[in-house]
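Here the structure comes first, spelled out in structure tokens, and everything after it is commentary.
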Amino acid sequence: MSSLSLRQIALACALVCAPLIAAAQLLPTVTLKGHRFSIELAQDDASRERGLMYREHMEDNHGMLFVFEQETPQAFWMKNTKIPLDMLFFDHAGKLVAIQAQAEPCKADPCKVYPSHDPALYVLELNGGVAARIGVKPGDILEIHR
């Protein structure tokens, strides 16, 4: 290959990769206990209903943030979810009000329900065990960066 064609390849890679890198940097994130997680947002009924169903794997620094219209007690289940999850329930101020740690996938109906008991506006789902590993406890504050 000539050096000109290498330059063309490099330019093409830069043109293709730059938007992808920029998009990745624009993913919403949350910070909890000094740890930053890239998140998917579940803000409507359809995305909240599907959640993390059918996922075989999730990166350690990734999660899903469920955003509700009203701050009320929330309840989740693990139907069709294939990985254990920590469910962290937060109020309107981002204060952690409840933890359901290491929720296991549901293998048969009826599925166990994981409630917040207290009103929550946000629910953050992380890989099972992450909450314990970073020392999450009620009263901790979630910072949301969109």
> Using the Karplus equation 6.51 cos²θ - 1.76 cosθ + 1.60 (θ = phi - 60°), what ³J(HN,Hα) coupling, rounded to whole Hz, does each residue of region 92-104 give in order, writing x for Gly and Pro?
Replying inline: 4, 8, x, 7, 5, 10, 7, 10, 10, 8, 6, 5, 8
> Restricting to lysine pairs 8 or more places apart or on different chains, what number in region 28-145 have Cα atoms under 17 Å apart?
Replying inline: 7
> Which length gain, in nm to one decimal place, applies between residue 79 and residue 143 when the Cα-Cα distance is subtracted from 0.36 nm times their residue separation?
Replying inline: 20.2 nm
>> Full-extension gain between residue 33 and residue 133, please, as 0.36 nm times their residue separation minus the C-alpha to C-alpha distance.
In response: 34.9 nm
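Only the coordinates and a few stated rules stand behind these numbers; no lab work does. Because the structure is a prediction, the values reported are computed rather than measured.
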